[in-house]
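First comes the structure, then the notes that go with it.
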Amino acid sequence: MNISLSRIGEIVGGEVDGDGNKNISGAAGFDDATVNDITFAVAPKFLKQLYVSKAGAVIVPKSFSVRGGNLVKVDNPKLAFIKILEFFNTGQKKTASISSSAYMGENFNHGKNVSIAGFVYIGNNVSLGDSVTLYPGVVIEDNVKIGSDVKIYPNVTILERCIIGNRIIIHAGTVIGSDGFGFVPDGEKYHKIPHLGIVQIDDDVEIGAGNTIDRGTFGKTRICRGVKTDNLVHVGHNVIIGENSIIVAQVGISGSVTIGKHTIIAGQAGISGHLSIGDNVTVGPQSGVAKSIKSGETVSGTPTMPHKLWLRIQSIIPRLPEFKKKLKEIEKRLIEIEKII
Amino acid sequence: MNISLSRIGEIVGGEVDGDGNKNISGAAGFDDATVNDITFAVAPKFLKQLYVSKAGAVIVPKSFSVRGGNLVKVDNPKLAFIKILEFFNTGQKKTASISSSAYMGENFNHGKNVSIAGFVYIGNNVSLGDSVTLYPGVVIEDNVKIGSDVKIYPNVTILERCIIGNRIIIHAGTVIGSDGFGFVPDGEKYHKIPHLGIVQIDDDVEIGAGNTIDRGTFGKTRICRGVKTDNLVHVGHNVIIGENSIIVAQVGISGSVTIGKHTIIAGQAGISGHLSIGDNVTVGPQSGVAKSIKSGETVSGTPTMPHKLWLRIQSIIPRLPEFKKKLKEIEKRLIEIEKII
Amino acid sequence: MNISLSRIGEIVGGEVDGDGNKNISGAAGFDDATVNDITFAVAPKFLKQLYVSKAGAVIVPKSFSVRGGNLVKVDNPKLAFIKILEFFNTGQKKTASISSSAYMGENFNHGKNVSIAGFVYIGNNVSLGDSVTLYPGVVIEDNVKIGSDVKIYPNVTILERCIIGNRIIIHAGTVIGSDGFGFVPDGEKYHKIPHLGIVQIDDDVEIGAGNTIDRGTFGKTRICRGVKTDNLVHVGHNVIIGENSIIVAQVGISGSVTIGKHTIIAGQAGISGHLSIGDNVTVGPQSGVAKSIKSGETVSGTPTMPHKLWLRIQSIIPRLPEFKKKLKEIEKRLIEIEKII
């Protein structure tokens, strides 16, 4: 596919500075772009190298003043570049069709343009909106509702009664709606607490590969609009993750935790049960969160502390042997003085 | 379904105090219960609020002395409540049937009331007891033996020769019987150690979603009776987990570790290879266990130390910058003194 | 199957010392071996116990001088033993056949002796080499290329265009080629970065169960020749893992990290994005790698420090309460002195 630079300017809402008739056939990274590709530059170091790039055109910040070459000036070059990338890669969509080797239970409802691959299992009373793609090996249990423009990758399991919104991507191998981890001691043994709630995933969410998201004991585990989770994330029963929060790989969130909006939980962090994490919080990687965190805080460590304090402590810890030695030496000198006076 | 409060008293072995003819149609949490629901109260704060609950009846501790309303008095209100919850939710069981789109190998034996969904694959020489439910996408390889009253959720893999006992639940996406991680250096390269053992899962075990439980190199990896694992737990080859132990989410247990009975390993903890963890041990979250732990101990941290010591250290660590400053100041004062005398 | 001790000597390239006609029918661990089994001994403690073993023959180091019994002397007894183990366990291979309940897309090419189980899904334009075994529930998406002597266990997902080399094992439930975790802020929301790259897995790699290996944003995520990963490992987009490196269970590797050759990343360690880890590096368990590491280093802790320093600090940390007390005491004594002089 070829499009003119002017058309690209229209797509990204930018201003073309150069040859608007220049044909562009692809989008590529700064170092890989060839004469028919468009690329983008943000950091000053890239702006300086503009003339060494072989790219046919470059998307740059509006503030960029140097002239020459084929430029597209926008507010957010990376975002504009991604929109062009998407433009060139729309051809990968699955054709709408329902495989004869898929299984559909009773009372199955679906919208237009659904693509259901072989070995997809759909239980009873399931509904899908428009433009839903179910890859092979997906299992959707009874009474699940799925919205429109949803892509569910291979071998994902969605258990009974869960609700999946619109414009959602769920990556391969993920489990939605497993029972929460709850048991009541019964003498030496444990008695299972039945999990009667659901998982609700709101619009515009992306769930990584190999996640496990438990259903509520009662009520729901809820992943709010715009949340993105990375791979191998564990979300316990009755957790609520607020809008547009980011959960990085291998994070573990215990039962009944509430996380606010625009919060970032970095990789391998763990959050103890029943805590409340505010809005716009950042939790550092591998942190062990053992108490609630107020909105706006940036914390790290185990247990968590203000990130700046944690940084100072990280610089002190490797010096502990030195402090230990110094303490010993000071005591020795003190003893000498005490002998004298 | 409606049952009388008297019938509920019989089911839970409790004493009814109030209207035994009161009809109850469901069970719900304290705040959600309506006039036809039964709920439960344990903590004093809930007992005080009994009269604000709209619940039709409340399960309370025997020791509870206040009269009025419809009460069911038992030793363990939470456990009694769960039994009532289960009573109201028995209707969710799968109908016994073997899907025509399941695959069964040679010499397949099974008991009564088995439910085998579409796209279940069963290898050769597999046996299932009574009331086994295999959800879609489950793969059972050759020579696996499964007992009675077992529920295996979608996309679980159980590899050859593994043994699964009775009254077991295995949640979605879990892998039982993958090869252990063992290699012998062979010059620059590594040579794989074949894994010829099995995984044996004893009665009354519940395995979370997304677990990986490796088979023994020789002999077996064994999950003993009553063990419960949360999601995304890794269990290495030849590990033994003793009866009624609890393994929380994202714990990693290296090869040949032995864990005793009634032990709790909290979330994201890791245990190095070949260690022995005793009975009634508690290992704190994110702990790094690098040496064996005796029965009855409660440990935390990396490496592990007594939990109480760890708590004190956690309170000291954020004060390290202060101690560093104090040390410097003391030395200064010492120098002053040394000048004088 | 029975083979003579002489034949075993030939297979492992060792020297037989004893009865070359002795028939051996199996291989077993030191304590389990019976009169028809061969076992091996390396550690001095085992060599001393040679005469208590009931084994029919023992593989020992060449340096071992004591005579008597049936010995096979080799450079690397463990490696030799494993080769004999493999010899006795070749019977477990799947018969070559393509199940009638597998699905193959258009333009499917495959070599000799392929075994494709039921409910395997293969997209369009997929090629397999010779002796490839695909277990049930495996999903191979469009345009994937797989070499020869490859074993892919149940419920593995390999997404479009990924390249899998020769002599590769991928354990159950693993996902190869999920999208990387990349988003561009777009006001309050995040805009997904399309992931157009692939995952390339080179020859002689073994990938554990439940791994998630993301595709490159552009270009590739590459697992080089001879790498072994344990279970539940996360590998981000555009990561490169060098030849013969070892990644232990539950490690998380963020996007664009480069790891050298012969490096070991121990269990539950995490590596921040865009770092470079050299050759022959060892990263301790649960370490949090926040800066690049030079070749040959052995590091531990969070953030990482030389392993020896970390060990000293681990011995100091439990003594912090003692140091705190000492510091207080010293200051008191200092004040006393200051009063006097």
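Once R0 is set to 45 Å, what does the formula 1/(1 + (r/R0)^6) return for the Cβ-Cβ distance between C:Arg7 and A:Ile264, expressed as a FRET efficiency to the nearest 0.05?
Here the calculated transfer efficiency is 0.15.
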Once Lys and Arg are counted +1 and Asp and Glu -1 for all other residues with Cβ under 13 Å from that of A:Ser6, the total becomes -2
Heavy-atom accessible area per residue of region A:3-92, all protein chains kept, 1.4 Å probe, expressed in Å², is 50
What nm value, rounded to one decimal, do you get for the distance between A:Glu336 and A:Leu311 when each label is placed 7 Å out toward the C-beta? 3.9
Average beta-carbon neighbours from other chains, 10 Å sphere, peptide A:241-250: 4
Using a 7 Å offset from the Cα along the Cα-to-Cβ direction at both C:Ser99 and B:Ala96, what is the distance between the two label points in nm, to one decimal? 2.6
Going by amide H atoms built from the backbone, whose H comes under 5 Å of the H on C:Ile277, apart from near neighbours? C:Thr258, C:Ile259, C:Gly260, C:Ile293
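Might you tell me the accessible area per residue for region A:97-310, computed with a 1.4 Å probe and given in Å²? Present the calculation step by step, with values, prior to reporting the outcome.
Numbers: 6600 Å² over 214 residues.
On a per-residue basis, region A:97-310 sits at 31 Å².
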Report, in debye and to the nearest 20, how large the dipole of chain C comes out about its Cα centre when Lys and Arg carry +1 and Asp and Glu carry -1 on their Cβ. 1180
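Take every residue in peptide C:300-307, count the Cβ atoms of other chains within 10 Å of its Cβ, and give the average of those counts.
Across the residues of C:300-307, the mean count of other-chain Cβ atoms within 10 Å is 3.
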B:Ser276 to C:Lys54: FRET efficiency via 1/(1 + (r/R0)^6), r the Cβ-Cβ distance, R0 25 Å, to the nearest 0.05? 0.40
Using a 7 Å offset from Cα along the direction of the beta-carbon, what are the separations from A:Glu329 to the same position in each other copy, nm, ascending? 2.1, 2.1
So, relative contact order of region A:1-106 in percent, Cα under 8 Å, 6 or more apart, is 26
Report, to one decimal in Å, the Kirkwood hydrodynamic radius for region C:97-310 based on all distinct Cα pairs. 17.5
If I compute solvent accessible area with a 1.4 Å probe over the protein chains, what percent of it on chain B is carbon and sulfur? 50
Label-to-label distance, nm, for residues given as B:Arg319 and B:Val42 (7 Å Cα→Cβ offset): 3.5
Hey, got the average number of other protein chain Cβ atoms within 10 angstrom for residues in C:265-273? 5
Please list, in chain and number order, the residues 5+ apart from A:Ile59 or on another chain whose amide H is under 5 Å from its amide H, with Hs placed from the backbone. A:Thr39, A:Phe40, A:Ala41, A:Val72
Sorted by chain and number, the residues with a modelled amide H under 5 Å from that of C:Asp186, at a separation of 5 or more or across chains, are C:His191
Just for chain A, what percent of DSSP beta bridges are antiparallel, to the closest 5? 15
Percent antiparallel among DSSP beta bridges (both partners in the protein assembly as shown, rounded to 5): 15
Accessible surface buried once B binds C (1.4 Å probe; total of both sides; Å²): 4900
What does the highest-first list of B:291-302, A:206-217 look like by mean Cβ count within 10 Å? A:206-217, B:291-302
The relative contact order of chain C, taking Cα pairs under 8 Å that sit 6 or more residues apart, comes to a percentage of 6
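Counting DSSP beta bridges with both partners in region C:184-298, what percentage is antiparallel, nearest 5?
Percent antiparallel among DSSP bridges in region C:184-298 is about 10.
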Can you give the calculated 222 nm mean residue ellipticity of the protein assembly as shown, where each DSSP H run of n ≥ 4 adds -39,500 (n - 2.57) and the sum is split over every residue, rounded to the nearest 500 deg cm²/dmol? -5000 deg cm²/dmol
Can you list the distances in nanometres, one decimal and ascending, from the B:Lys308 label point to the identical position in each other copy, with the point 7 Å along Cα to Cβ? 3.7, 3.7
Of the cross-linked pairs A:Lys192/B:Lys48; B:Lys48/B:Lys94; A:Lys332/B:Lys325; A:Lys228/B:Lys54; A:Lys308/C:Lys261, which ones have a Cα-Cα span greater than 30 Å in the structure shown? B:Lys48/B:Lys94; A:Lys228/B:Lys54; A:Lys308/C:Lys261
Sorted from shortest, what are the nm distances separating the label point of C:Asn280 from equivalent points in the other copies, each placed 7 Å from Cα along Cα to C-beta? 5.1, 5.1
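The values are calculated or read from the model by the stated rules, or taken from the named source; none is laboratory data. None of these values were measured; they are calculated from a predicted model. Reconstructed Cβ throughout: ideal geometry from the backbone, glycine too, with neighbour counts over all protein chains shown. Calculation scope for accessible area: heavy atoms of the full protein, side chains included, ligands and nucleic acids excluded. Shrake-Rupley method; radii C 1.70, N 1.55, O 1.52, S 1.80 Å.
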